[in-house]
1. List, largest first, the extents of the alpha carbons of the range 6-182 along their principal axes, each in whole Å.
2. Relative contact order for the range 6-182: what percent, with Cα pairs under 8 Å and sequence separation of 6 or more?
3. Just subtract the alpha-carbon distance of residue 130 and residue 58 from 0.36 nm times their residue separation and send over the number in nm, one decimal.
4. What distance in nm separates the simple spin-label points at residue 2 and residue 192, each placed 7 Å from Cα in the Cβ direction?
5. Calculate, for residue 100 and residue 150, the FRET efficiency according to 1/(1 + (r/R0)^6) with r their C-beta to C-beta distance and R0 30 Å; round to the nearest 0.05.
6. Compute the projected area of the convex hull of the Cα atoms of the range 18-78, averaged over all viewing directions, and report it in nm² to one decimal place.
């Protein structure tokens, strides 16, 4: 059965049948393009579980106020029904009603809840209502529905009930699907990895290196000779830097020579063998 798309809804295609007495009250069937008015709701909650009132079952479907598309469609539906009733009131009722009289008598199916955060729509259902879990096709019953469930419903706007006090839309739930709640809302999925164990290792050189004074002098002198003898191509921009480095190298060389002479003097004075530590 074709469902109504709120985005392509043509309110001029709505029709209200002539009211007829059904043994309890006057009642008019309503249709859209000659077919039942079937529509799917957005994801909703329920104010409470399915309630049994006398012989009838009903559910207060709770819409979030952000579902403006669906709520606007209901408003548009109501407005068009008011207009049709007003245009036919002189033929259908014992008295002629003005449009504002119709609007006053017509009970809106949607009521504000929790200061406008939600809207409530009451719809009736049969005990044989088919309830599904997600898209799995698993069959449940209306007893499985709890207020915490996120649901999507198929609704049929069947007709209008007339009493001496008011006019009311007759809305029936045809199917309900329970949507699996977001698992991240109720369960912790954070995994704590085991801390990385860092082992302290004392690194020791495989061999000990003993650097003697004469060896040190030899290394320094070789480095100085290498700097002086290297054929380095310098640009004009680095000549000044080069000269400074050369000057420092010469000074370092002289310091090394003086240190070496000092060591020789100490060695001879105290009769220290060259290989002693």
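1. Reported extents, whole Å, longest axis first: 52, 35, 33.
2. Here the relative contact order equals 28 percent.
3. My answer for the length gained is 24.5 nm.
4. In this crude spin-label approximation the distance works out to 6.0 nm.
5. E between residue 100 and residue 150, to the nearest 0.05, is 0.20.
6. Answer in nm², one decimal: 6.2.
The numbers here are math on the coordinates, done by the rules we state, and not lab data. From a predicted model like this one, the values you see are computed outputs, not experimental measurements. As a convention, Cβ positions derive from the backbone with ideal geometry for all residues, glycine included, and neighbour counts pool all protein chains shown.
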